[in-house]
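Notes follow once the structure below has been shown.
The values are calculated or read from the model by the stated rules, or taken from the named source; none is laboratory data. Everything numeric in this text was worked out from a predicted model, so none of it was measured. Positions of Cβ are generated from backbone atoms using ideal geometry, with glycine treated the same way; all protein chains shown enter the neighbour counts. What goes into the accessible areas is simple: the full protein's heavy atoms, side chains included, and nothing from ligands, DNA or RNA. Shrake-Rupley method; radii C 1.70, N 1.55, O 1.52, S 1.80 Å.
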Amino acid sequence: MPSAALAKVTQRQARRSNVGLVLRTIYEHGPLSRADVARSTSLTRTTVSDLVEGLIRESLVVEAGTGPSTGGKAPILLRVPADARQLVGVDVDRDRLGGAVIDLNGEICARASRELHGRDGEAALHELESLVLALTDAADRPLVGVGIGTPGLIDQPAGRVRWAVGLAWHDIPVGERLAALTGLPTMVVNDSQASAMAEWAFGHHDISSAMVVVKVGIGIGAGIVIGGRVYAGDDSGAGEIGHTRVTDDGISCRCGGTGCLETVASLRAVLERATQLADGASGSLLDGAPVTPAALLAAFRAGDRLARQVVLEAAPPLGRVLAAMIGTLGARDVVLIGPMTEFGQPWLDAVRAEAQRSALPLLIERSHIHFGRTGDDAVTLGAAAMLMASELGLALAV
């Protein structure tokens with residue numbers, strides 16, 4: 001490349017970097033004056049004023065009154081309005097798709113969902129496309145893009161789902177299809193990794209260098225955050241613990257293996273086991289009725305012996321896998337989220353007890369295994385946060 005052309009490319013890159021720095025500074029610390037921004041970024045006042053004018057034209061920054069005077073003219077303050085842009089975040093689960101339109105402060109502006117009713121493959125993908133179109137139509141501000149959190153092995157740079165066992169997706173260009181459908185930047189991330197980022201950013205946990213977030217629902221997966229960044233691994237498979245073999249004489253798994261963690265510790269496994277045992281179980285609240293998640297939870301809370309047996313027997317395999325993760329990563333913060341957490345303290349105590357029996361005492365004594373704090377919106381917020389960081393360089397604040 002000729003030197004003049006290279007110089008222009010370098011200048012454009014430097015300007016783009018400076019724009020991001022100014023926007024991030026105002027977003028995280030505003031309202032600020034232009035002089036405040038210049039001091040915080042070490043950019044010249046002339047450069048800051050030029051960049052701010054561009055951001056104002058794009059409606060990403062607004063002037064928000066005046067600050068206190070230090071003897072001269074009162075400075076005009078700048079801020080990033082929450083409604084300057086919106087994002088679409090979607091949580092892809094094995095049986096349900098849920099999504100939201102989110103503003104720059106992490107507030108939910110609109111919601112929509114689709115039930116899959118056992119559909120997978122192309123049928124599930126069509127439902128996802130329908131949901132994303134509904135959400136983009138619901139937005140009333142310019143959209144940054146679409147963030148998708150889905151189970152499975154994800155090629156994040158390509159936006160491709162390499163393998164999602166429960167959805168029967170194999171080498172599907174989800175990001176490319178949604179981008180073509182909406183005309184918007186689209187990021188596809190692993191749902192557990194999105195949950196991990198949400199808990200790290202918004203869960204108000206004690207600061208630690210590493211956090212493991214384990215989502216226990218129809219499937220099981222973990223997200224790992226190290227130093228404030230999601231660790232995806234060399235093949236984007238870090239945290240795929242659901243298909244770790246935990247028993248030699250286990251039942252078949254949808255992945256093609258046997259004895260996987262998901263076959264004994266997931267909500268699906270618990271429901272299937274309860275259904276098997278409930279048939280003819282005289283005296284059990286589960287006898288003679290379909291064993292749904294709600295029915296199992298109600299029976300468990302009522303002290304039903306069968307319900308408690310099935311749920312608590314599912315805890316030790318998970319505890320042993322968590323012990324292995326603690327020993328491998330040295331993580332002190334292990335967060336559990338997902339539908340199985342509805343079984344509350346008894347289930348958590350059983351998971352903790354097995355982890356304590358299975359890990360090096362010094363490591364487990366310093367670890368804290370506990371429930372998450374971001375609730376049902378963890379994947380949605382996490383996917384939106386990762387999209388916002390990628391497209392705007394901002395850390396979503398809620």
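Structural remarks
- Note on region 229-296: with charges restricted to the Cβ of Lys and Arg (+1) and Asp and Glu (-1), its dipole about the Cα centre is near 160 debye.
- Cα centroid separation - region 200-262 against region 299-339, whole Å: 13
- Solvent-accessible area per residue for region 66-132 (1.4 angstrom probe, square angstrom): 44
- Nonpolar atom fraction for the chain, defined as the carbon and sulfur part of the 1.4 Å probe accessible area, stands at 50 percent.
- Per-residue SASA entry for Y27, accessible area with 1.4 Å probe, Å² rounded to 10: 30
- In a simple Cβ point-charge model (Lys, Arg +1; Asp, Glu -1; nothing else charged), region 242-398 has a dipole of about 300 debye relative to its Cα centre.
- Given +1 at the Cβ of Lys and Arg, -1 at the Cβ of Asp and Glu and no other charges, the dipole of region 303-375 around its Cα centre is 120 debye to the nearest 20.
- Most to least packed among 192-201, 346-355 [average Cβ atoms within 10 Å]: 192-201, 346-355
- Residue among H368, V62, V216 farthest towards the positive dipole end of the chain, charges placed on Cβ: V62
- Dipole-positive endmost among L87, P316, S282 within the chain (Cβ charges, Cα centre): L87
- Per residue, region 259-360 exposes 44 Å² of solvent-accessible protein surface, assessed with a 1.4 angstrom probe and all protein chains in place.
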